[in-house]
Amino acid sequence: MSKSCQAHSISSSSLSHSVSKRISSRVQTTLKKKRIEGEIRERGRMEGAAQLVSMLGQLVGEEYRILRSVGGQVAELRDELATMNAVLRMQSDADAGSVDHFVREWMKQVRELAYDAEDCIHLYIFRVRCRPNDRFFVWSRRLLTTLFSRRRLADELRDLRARAVVISERHARYGLSREALSRSSSLAPAPRATKHALRAANDPDQFVGISEQAKLLAAKVEKMDDNKERKVFSVVGFGGLGKTTLAMEVCRQLEAMFDRQAQVSVSQTFGRKDLQGLLKRVLHQIVKVKPDKEKGIKEEYSLAPCDIDKMDLDGLTSTIEEKLMDKRYLIMIDDVWSIPAWEVIQSKFPRNNNGSRIIVTTQIETVAKTCSPGSDCIHQIEPLDEKDSEKLFLSRAFGFKDASCPKELKAEMGKILKKCAGLPMAIVSIASLLASYQSPDSKDIWERIFRSIGSEMENNPTLEGMRQIVTLSYNHLPHHLKLCMMYLSIFPEDYVVFKDRLLHRWIAEGLVEEKRGLTLLEVAEGYYKDLMSRNMIDPAPFVSNFRDGGVETCRVHDMILEVMVSKSLEANFVSLVGGQYGGMSYDKIRRLSIHGVEHGAKDLSTPHKKMAARRHGRRDVMEGMNLKHVRSFSMFELEGHKLLDRLDEFTLLRVLDLEGCSGLRNKHLRDICRMYLLKFLSIRGTDIRKIPSSVGDLEHLQMLDARDTYLRYLPKTVTNLEKLERLLFSTKDTWLSMWQPPSGISRMKALREVNSIVIRDNIQVAKEIGDLEGLQGIVVHVNGDSEIREELRKHLAASLCRTNALRWLNVGDTRVYGDNNLDYLMDLRSPPQLLRYLRFDGGVSRLPDWVGSLSYLVEFCMSYGRLKGDQPFAVLCKAPNLRIIRLHEHFYSGDKLVARTAHNFPALKEMRVSCHNEFPSVFSFQEGSMTKLETLELNFYDNQKSIEGVEHLKKLKEVQLIGWKNNSAINRALELLKEDSDRRSKDNNQYVVGVKYYD
């Protein structure tokens, strides 16, 4: 290459390098500039972010402080609530005269604030509070998911405290004195000088002043003339005069004069839909009493209760027609309130020509005149005269017959009796109130009670006066009993309430106060007995069934119920919907009770009917009802209600009682199992077939009643219910269906009663039953394969020895016909010593000796025992307090059952033998046996039965035989019993002889 070319090449290369360098420098400058600009922008963003984070941090910190303080604010609110409840209690205990209209309004505001405070606290427990057993992940998730609820709850807490301040300032602004609420110390509850006993069904005092009227009316009712048509007699008078007592006494006196009798009660709201229930009650009571006056035997015909319950209205009507058409019958219809009700009832009883009678009681004269067109058939009940009034008062106030009044109190007693104006119920109420103040030093209290009655009874002894008497008795109840009495307004008129149902509802509602050394149930039992002794509630007939034995029931007098409803509505304690309460509206509902559908509401099922209802100005009270504050929901409208589809809205529900509600469906149980705060759940008598496994999430549940449903089993998760105290289970269509508990039942530490358990091939369950230390009642049967059955029995026996708290035990084997399948109970090392009720369902070679050592045993039952010889009496006679023996199917396999002289039985009052098989064929009683027996019932199923030695039972009051009508053995036994009873007439100790025939 030439030099020129090389120079050109070097020159070009240098130029290119120079250009590249300049370009690179520019690029670097540009990049540096952009980098600097980027850094500036990034720094700005970071500073802005830092500022934003700082601002958000301040907000979150404030929010966190608010949210974190929720628990503390709830604790403060608890203290505020305790103070409010103390003020409310002072108002409850205050003298009626010291509480004016302003005080009542102020207390109403405090009461509503207290309700809202309780709701707020329970919402915190339900939605916000982390639970003790939550793990870290669950705790963290719950904390995050409840942020909104915490914020809203914090706002509600602030509003509640602000309301409390306003109410307090209003109190101060109007100058209300706290002394106005201080109850006079002279009326403070005093220790009772004597225990006034519960009123017994055969209490002679209830007939004071009634006996003579009953004799006169009975003579009219009994009288037969040429006209043998059915007659209707009416007893008329206002509440509290004793109409029902009079009519029942007439029926008792005429028991032998009529072939069949029945006594039924009618409610104020009685309609055609109630007719079916009334006719069922009539059929359940069908009685055929001796047609021959000289025969001296009471005869009864029985219909199977299950057959009656399945009948529809037409079937009931035709059956009554069949049973009564050719008989002389006496029917008592109590408390008829309207002419239409009377007309629909009386049409169901045949108008025969046998001298039949109907007795009606009513408070309304026009109803009485419609029922009994002839004036000679209307009895105007009279108040007690002065002598009978005093006699009744003294027996109630001082607790025994022929009591006398201290001279220091006689003047006050006379004033009180004058104001009571001869009303038995008023006299009993006031006397029961004064029974706590019997000493002469109580004169001031008697004077104060006299002044409290007011002049109403003196000048106008009417229904209003009676209401004042009831109100006075209520006002002098202790605070806790007032709440329990108001709670009874939940139940409809004339409703028979099961005692256990009521007591457990009281507990679930928080109405029962804790007392050291007593369980809540024992405290509630004391409340119940106290109200019974004060005559605020009345005993109703015992109900008996296979699983539960005798069950105590009660009811509330109509007049008392009216006052309780008035008090409850005034205090917003209960909200009643339907029936006679149709059309009522409520702001905030705390306890909701559905008694029926508002008038017209049942007809609002189609758009056309809804439009018609609107045209007539009717409104369904359920639409738009706010349910979030409801803590108790009861339904007595058996067909169900559309509110069942809104169960998911009952956030704070503690008590859900749907007993007998046919409208309940399986889908509703899903909503029920989300009610976290639920304590009492009854689906008894419903058509439920399945309970979801989520029932195990109801960790506060104390009572689950699933009897008489279509359930075949319970989910395994039920063992998660560690607070459950009562678990009741049975199936409608078979008594053999029982709950088969899974392993883990020992977790249910609070369990006190379980009425239906079967152990199948699960030894672990048999072991765990012994871990239930608080268990007081259990029905347990064994059903396992032959190779494991003995192992099950051994471990169950060991468990029963560890259940030291047992009071009620029913133990059996599903193979009831197996040989001696209960012999594993023979050698219990330490049987439960507190047992009061014991039942064996299965074969035993002999009764275990330890049964006779049970000092507290009151009732013993047995079936399928196939005992022989001196069994069972040789063992049972050693139980010192045994009062009742019930012997059922196949309890004995010998020919002759003998109560020997050695079988003295120091406390036995009642023995009932109801087996249908041929053994035993002879019932024999030796001299000196069963010396205190009063009631004897024997089943004469076939013609081979006989009875011997009944003359040795010196204390007998009633003997009843059961069997078929044309049974020669029954006829021979009746003749023998009648002769023995007649021989006792000279000693005035005859007994009633009765026979009940299978229909």
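The values are calculated or read from the model by the stated rules, or taken from the named source; none is laboratory data. Computed from a predicted model, the values in this text were never measured in an experiment. Every residue, glycine among them, receives a Cβ derived from its backbone with ideal geometry; neighbour counts consider all protein chains shown. Note: accessible area is taken over every heavy atom of the protein model, side chains too, but ligands, DNA and RNA are not part of it. Shrake-Rupley method; radii C 1.70, N 1.55, O 1.52, S 1.80 Å.
Testing G852 on (1) farther than 21 Å from P742 by Cβ; (2) open to solvent by 30 Å² or more (accessible area, probe 1.4 Å), one condition comes back false. Which one is that? The one condition G852 does not meet is (2).
Against the definition (closer than 23 Å to V858 by Cβ and of a type in the set (S, T, Y)), how does S756 come out, yes or no? So S756 fits the description; yes. Of the residues contained in the range 406-424, none is found to be on the phi > 0 side of the Ramachandran plot and open to solvent by 40 Å² or more (accessible area, probe 1.4 Å). Residues in the range 559-580 that are closer than 24 Å to L643 by Cα, open to solvent by less than 30 Å² (accessible area, probe 1.4 Å) and in a helix (DSSP H, G or I): 2 in all.
Of the residues that make up the range 706-724, is at least one within 25 Å of N820 (Cα to Cα), assigned to a loop (DSSP other than H, G, I, E, B) and open to solvent by less than 20 Å² (accessible area, probe 1.4 Å)? No, there is no match, as no residue in the range 706-724 is within 25 Å of N820 (Cα to Cα), assigned to a loop (DSSP other than H, G, I, E, B) and open to solvent by less than 20 Å² (accessible area, probe 1.4 Å). Of the residues making up the range 506-529, those that are of a type in the set (D, E), under 23 Å from F491 (Cβ atoms) and not in a helix (DSSP H, G or I) are E509, E513. Could you go through the range 731-747 and let me know if any residue there is under 21 Å from the mean Cα position of the chain (by Cα) and touching a residue at least 24 places away in the same chain (Cβ under 8 Å). The answer is yes; a qualifying residue exists. Is at least one residue of the range 932-950 surrounded by 14 or more Cβ atoms within 10 Å (Cβ to Cβ), under 29 Å from S855 (Cα atoms) and of a type in the set (D, E)? Yes, there is a match, as at least one residue in the range 932-950 is surrounded by 14 or more Cβ atoms within 10 Å (Cβ to Cβ), under 29 Å from S855 (Cα atoms) and of a type in the set (D, E).
Considering the conditions (1) open to solvent by 40 Å² or more (accessible area, probe 1.4 Å); (2) within 14 Å of L283 (Cβ to Cβ); (3) in contact (Cβ under 8 Å) with a residue 12 or more places away in the chain; (4) charged (D, E, K, R), K323 is excluded by exactly one of them, (1). Screening the range 907-917 for residues that are modelled with pLDDT under 95 and part of a loop (DSSP other than H, G, I, E, B) and picking the one that is least open to solvent (accessible area, probe 1.4 Å) gives C915. Of the residues in the range 901-921, none is of a type in the set (A, V, I, L, M) and touching a helix residue (DSSP H, G or I) at 6+ places or on another chain (Cβ under 6 Å). Kindly check whether there is at least one residue in the range 621-641 that is open to solvent by 40 Å² or more (accessible area, probe 1.4 Å), assigned to a helix (DSSP H, G or I) and modelled with pLDDT of 75 or more. No, there is no match, as no residue in the range 621-641 is open to solvent by 40 Å² or more (accessible area, probe 1.4 Å), assigned to a helix (DSSP H, G or I) and modelled with pLDDT of 75 or more. With respect to being modelled with pLDDT under 90, among the small types (G, A, S) and farther than 23 Å from A973 by Cβ, G852 falls outside the description. Taking the range 814-901 and the strands (runs of 3 or more DSSP E) fully enclosed by it, the elements with 1 or more residues that are in contact with a His (Cβ under 7 Å, 6 or more places away or on another chain), under 15 Å from R912 (Cα atoms) and of a type in the set (S, T, N, Q) are at 859-863. Taking the listed residues S929, S893, the one that is open to solvent by 30 Å² or more (accessible area, probe 1.4 Å) and not charged (D, E, K, R) is S893, with no other qualifying. Here A397 fits the description: crowded, with 20+ Cβ neighbours inside 10 Å and in a helix (DSSP H, G or I). Confirm whether S318 is at pLDDT 85 or above, part of a helix (DSSP H, G or I), touching an Asp or Glu at 6+ places or on another chain (Cβ under 8 Å) and not charged (D, E, K, R). Criteria not met by S318.
If the requirement is being assigned to a loop (DSSP other than H, G, I, E, B), closer than 28 Å to F238 by Cβ and under 38 Å from the mean Cα position of the chain (by Cα), which of these qualifies: L384, L417? Just one listed residue meets the conditions, L384. Six or more apart or on different chains, Cβ atoms under 7 Å: show the pairs whose first residue is in the range 229-246 and over 30 Å from D326 (Cβ atoms) and whose second is hydroxyl-bearing (S, T, Y) and in a loop (DSSP other than H, G, I, E, B). Short answer, once both residue conditions are applied: F238/T462. Checking each residue in the range 665-684 for being open to solvent by 60 Å² or more (accessible area, probe 1.4 Å) and either more than 16 Å from V630 (Cβ to Cβ) or aromatic (F, W, Y) (or both) picks out R665, N666, K667, R670.
Note on the range 197-248: residues that are more than 29 Å from R396 (Cβ to Cβ), among the charged types (D, E, K, R) and either at pLDDT 90 or above or in a helix (DSSP H, G or I) (or both) total 4.
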